[in-house]
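The values are calculated or read from the model by the stated rules, or taken from the named source; none is laboratory data. Being a predicted model, the structure only gives us computed values, none of them experimental. Using ideal geometry, Cβ is built from the backbone for each residue, glycine included, and neighbour counts are taken over all protein chains shown. When the accessible area is computed, the model is the full protein with side chains, heavy atoms only, and any ligands, DNA or RNA have been set aside. Shrake-Rupley method; radii C 1.70, N 1.55, O 1.52, S 1.80 Å.
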Amino acid sequence: MKKFLFSAAISTVFAFSAASAEIFHFNFSEASGKQQYPAARGSFRCVADNGTTLKVQNGALRIAPAANIYIEGNFPELKRELTISLWFLRRGKAWDNPLLMRGYHNGKIDFLLQCRWIFPSFSYKDPANPGHWEGLYVTGPIPRDMSYGRKEWRLTADHARPDQWNLLQVTFKDGETKIYLNGILNCRNVSSCKTLTSSSPRLYIGSERLSPHSKLGYLTGDMLINDIHLFDRALEAGELEELRRREQAKYSSGKIMLADCNAYPPAPGYDPEFKRKLKLTAEYEKKILPDLSGAVRKGGADAKIHMHNGAPVLEIGGRLYFPLQLSPASKRGMEKLTCNIRDFAAAGVDLVNLAVNPEKCWKGAGKYDFSAIDASMQATVAGNPEARVMVWALLRPPSWFNQAYPDEIEKSVIGSRISNNIGGGPLGSDVWERHASEYLAALVRHVEASPYADRVFGYLPGGGESGEWYWPGGVYGMVVGFSKATAKSFREWLRQKYRNDVSLLRKAWNRNGIDFDNARVPSPELRDKLDEPDFFIDRKLRHDIYDFRRYMCTRTIDAIRRAAKTIKQNCNGRKLVFLYNGYSFSATPKKLYNSGLLITEQVLNTPEIDVIVTPITYNERRGGQYGGCVNPWAASAILHGKMPWQEDDLRTHFCFTATDGRSESAAETAEIFKRDTGLALTKNLGNWWLLFEPDWCHDELTMNTVARSRKAVNEALNHNRKTVAQVAFIWDEESLLELNRVKGSFISDHAQQAYRGSFQMGAPADFYLSGDLSHPQMPDYRLYIFLNCYRTDKTLRKNIEAKVKRNNAVAVWCYAPGYITETGRNVNAMKTLTGIELRELPGKHQAKLKITDRNHPITRYASNAGTTYLAAPAFAVNDPGARILGEVNGMPALAVKEHSDWRSVYSLMPLSKELLTGLCDYAGVHVYARDFDILSVNAGYLMLHAVSTGRTRITLPGHYDVTEIYSGMRHAENARSFSCRMDAGTTKIFKLEKK
């Protein structure tokens, strides 16, 4: 490759016909070790940020995870036309390969040049329509589903070759985009938006950016890139060919296999090879590890859940555990798995998850090789001789099944294409369910017969897609259910529902000619419609959609129960069954109605399931955000004898990309770990930290924080942690079946804004499902908030009447309470339920709340700075006995009415944190703080996570001694209140000892 090593200076002597249009040219052969590097042509420079320098490999710029590299200079206006030419070599396993980006996802995007899997792409945003891509863009979440936005854009079948050099040339002129790949016109499109924006002074190489303030890319490539040219006009095909010929000799046609590259560390202290021993770990290995025999007694992992000091606890082998747990990363080998587990062992964390990949151990029908789980267990014990293990049994089809049973694999629709969802267990297939049950039974029998059986305290069956029981394709928002297997089992389900009576089916579907042999899964076009004609399904016209949603839920809960029973039977009931569940509260509408997960109450009523797990919210998990669990129903789970569990699959400061709440520093990571611990302590949750890389927590501050957390929660086992909530939020999953796929955030904000507000309103709250209202052990509350009780039947109305309408309690009703009954829509039923007369406003309405009465406790803190939503239909208060507190478009939309033994509040609009605090005051709920920081509290602990910097005052419901558990500082003695100063994003957890 001697020809390749031209210097930047030498390369400038060449000239060609388009030279006068060239803005810059970068050849990186001489750039190694430099923080700044000038262009070979043009007054621009390439900069490596974050304290790194440019890495050159094979004579080209090496782009690797966490690279923050950009070109800066005096860019001319490039709105009407430009040309880009560059050479790149993408690493074969890489899906997303951003090449050049000018702009930011959270702002204007001038253009994004990338290679998504094998498809080169040039896309941009129209400022007038920022939610829509223009140009030649690629759709699809994962490789099997990727394609251009329209198939006619692609002119040839050529694609970007992995592990080989590719020449990518793009021209743009007045909305016409052309992409040339290796000298051939590959695709073309003429967009309605004819111009690019020209806003950013930086052109990023190898990464997509969220904002100018982010130190890392949202996505970063793993590739080589070189000879980047930018021209201020669209070159002709002949000029592009001339440039290709001039440079082609530098680039070999053979494969170049890139190794992992850590040239751009994401944060100080990054040590992916575990070369540096943490002080905590070194001390553990010196003083504790030598005395551990690693022996376990018979029954040493027999496990159960029971209540202790007001909270559920984990008992394993007769010993009580506060459930702090590690879910380690094993993808980089057993040695690093051991190192990862060893760090957490040194911090006192003995509970460990181990995932079992069926691709490695399921070799065929009835053929298994479980040596992989045996090796993982050996590596775990080597890292921590005291380890107690939960086995995560992924139930997804291995390659042999996909090849043997192609008709059983689920098919979904994305855009106009059919996707084969080979990565998810096909829940519509009876053949798959039979094989999966046999495999799961064999796995559990193997573990229970192994030498490490008495270390294993539980199993998590991970079915569907992502191991969380999404219907395959649903987790990516596809329209699911188009396999032959699903069509067959759907028809069988219809036979059972309608008792094999075709007249009942035809009446329900309002369709003559339909029968159990020709009934079809509803089409993607029908299921994907938005708000037509309003938010609620017309069952007379679209009962087929309603039935298919029910069918998916039935198939999913049946598969879950089958898996749970299989585990219990094969471990003789001695181990716990964990389950991912509870996603209906937080899922987007398209994901929700293609998931089959409206089954939480059925899960809670399944005796074989012991623990309910969900991740913490992905959108609000950074420091200064609430970090709540996707499943809010901790109180509901505890009521049913289950343990609720949060999974923080966090992206620490050692994560390579600015995605899903990545922390910026070790300090932020530590405060997030404290918040996790505080929520586990105060909401009575289990907690595990799920790591995607074994080194993500290999940090002194992080692991010291884990160690202090472990010590604190061990002490908490002997302290009262009973709930003290006086507020209950009620959620009705059945009502979600009645909704169309709603566009916008009106419905979701009725849940999510209230949930976020429940952490900031200054008082603790419990979340329940509507079926819990009849549970004899559900406590009474002063304030009940019905977030989505749109559908009611006689039983639910009776339960609400008996539970809520007494003791001068306050009931809050959101949007359309009681609107759907057994006989259909009924606005009069809303008055029966709420005690407030309402009238329907048909059609679609732009709605924003305006507070009109500020002389009431409910509205004391509220403002008019809310969101404008689309509501369809809307409702207005039409009751002379109600006090009107707010309006929407001049119509009463927030009102309160007092009855003899209860009080009723109606809100058309989502509830803000300020309204929630006011409602607490009105209901007589004790409010601990009024600064809108993140607060969670039970009888023995209070957690504060600061949203902003300043001093917070806490008012207690009695006299307490108050001690912060991490610092040991005593903040108050025998006091009814105390104050503390906190910086934004920091966490304090206070132990409360009542006097």
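Those strands (runs of 3 or more DSSP E) of the stretch 726-843 in which at least 3 residues are within 26 Å of the chain's Cα centre (by Cα) and within 21 Å of F875 (Cβ to Cβ), considering only elements entirely within it, cover 727-731. When L351 is tested against (1) of a type outside the set (V, I, T); (2) in contact with a helix residue (DSSP H, G or I) (Cβ under 8 Å, 6 or more places away or on another chain); (3) buried (at least 23 other Cβ atoms within 10 Å of the Cβ), only condition (2) is not met. Look at (1) farther than 30 Å from I225 by Cβ; (2) more than 39 Å from the chain's Cα centre (by Cα) and you find that L243 fails only one, number (1). Residue under question is M891, and the condition is that it be assigned by the TED database to the domain that holds T834 and among the aliphatic types (A, V, I, L, M); does it hold? Yes, satisfied. So, K215, is that one under 41 Å from the mean Cα position of the chain (by Cα) and modelled with pLDDT under 95 or not? So K215 passes the test.
Which ones in the stretch 282-336 are acidic (D, E) and either in contact (Cβ under 8 Å) with a residue 12 or more places away in the chain or buried (at least 18 other Cβ atoms within 10 Å of the Cβ) (or both)? Of everything in the stretch 282-336, those that are acidic (D, E) and either in contact (Cβ under 8 Å) with a residue 12 or more places away in the chain or buried (at least 18 other Cβ atoms within 10 Å of the Cβ) (or both) turn out to be E283, E285, D302, E315, E335. Within the stretch 148-157, take every residue that is open to solvent by 60 Å² or more (accessible area, probe 1.4 Å) and in a loop (DSSP other than H, G, I, E, B) and give me the one that is modelled with the highest pLDDT. The residue in question is L155. Candidates M943, M969, M982: the one that is open to solvent by 40 Å² or more (accessible area, probe 1.4 Å) and touching a strand residue (DSSP E or B) at 6+ places or on another chain (Cβ under 9 Å) is M969. Within the stretch 35-48, restricting attention to residues that are part of a loop (DSSP other than H, G, I, E, B) and under 14 Å from Y70 (Cβ atoms), the residue that is most open to solvent (accessible area, probe 1.4 Å) is Q35.
Of the residues making up the stretch 407-416, those that are open to solvent by 30 Å² or more (accessible area, probe 1.4 Å) and part of a loop (DSSP other than H, G, I, E, B) are G415, S416. Would the stretch 220-233 turn up any residue that is open to solvent by less than 40 Å² (accessible area, probe 1.4 Å), part of a strand (DSSP E or B), among the acidic types (D, E) and touching a strand residue (DSSP E or B) at 6+ places or on another chain (Cβ under 8 Å)? Yes, the stretch 220-233 has at least one match. Of the strands (runs of 3 or more DSSP E) entirely within the stretch 275-391, those holding at least 2 residues that are farther than 23 Å from V613 by Cβ occupy 362-364. Within the span defined as the stretch 956-975, every residue fails to be basic (K, R) and in contact (Cβ under 8 Å) with a residue 24 or more places away in the chain. Condition check for T952 on (1) in a strand (DSSP E or B); (2) touching a Pro at 6+ places or on another chain (Cβ under 9 Å); (3) within 30 Å of N855 (Cβ to Cβ); (4) in contact (Cβ under 8 Å) with a residue 24 or more places away in the chain: one failure, at (2).
Residues in the stretch 710-738 that are touching a Gly at 6+ places or on another chain (Cβ under 6 Å) and within 21 Å of K994 (Cα to Cα): H719, N720, R721, K722.
The residue list A404, A393 contains one member that is out of contact with any Lys or Arg (no Cβ under 7 Å at 6 or more places or on another chain) and open to solvent by 10 Å² or more (accessible area, probe 1.4 Å), which is A404. The requirement of being aromatic (F, W, Y), under 30 Å from A259 (Cβ atoms), at pLDDT 95 or above and open to solvent by less than 20 Å² (accessible area, probe 1.4 Å) is fulfilled somewhere in the stretch 76-92, by at least one residue. For the stretch 958-995, the candidate set comprises residues that are assigned to a strand (DSSP E or B) and of a type in the set (A, V, I, L, M); within that set, the residue that is farthest from L681 (Cα to Cα) is A975. Scan the stretch 175-198 for residues that are open to solvent by less than 60 Å² (accessible area, probe 1.4 Å) and assigned to a loop (DSSP other than H, G, I, E, B) and the total you get is 8. Scanning the stretch 865-883 for residues being open to solvent by less than 60 Å² (accessible area, probe 1.4 Å) and farther than 19 Å from V827 by Cα gives a total of 3.
Just one of the listed residues (Q726, Q752) is open to solvent by 10 Å² or more (accessible area, probe 1.4 Å), touching a Leu at 6+ places or on another chain (Cβ under 8 Å) and under 28 Å from A929 (Cα atoms), namely Q726. Condition first: open to solvent by 30 Å² or more (accessible area, probe 1.4 Å) and in contact (Cβ under 8 Å) with a residue 12 or more places away in the chain. Now tell me which residues in the stretch 131-147 satisfy that. If the condition is that a residue be open to solvent by 30 Å² or more (accessible area, probe 1.4 Å) and in contact (Cβ under 8 Å) with a residue 12 or more places away in the chain, then W133, Y137, T139, P141, R144 are the ones that fit.
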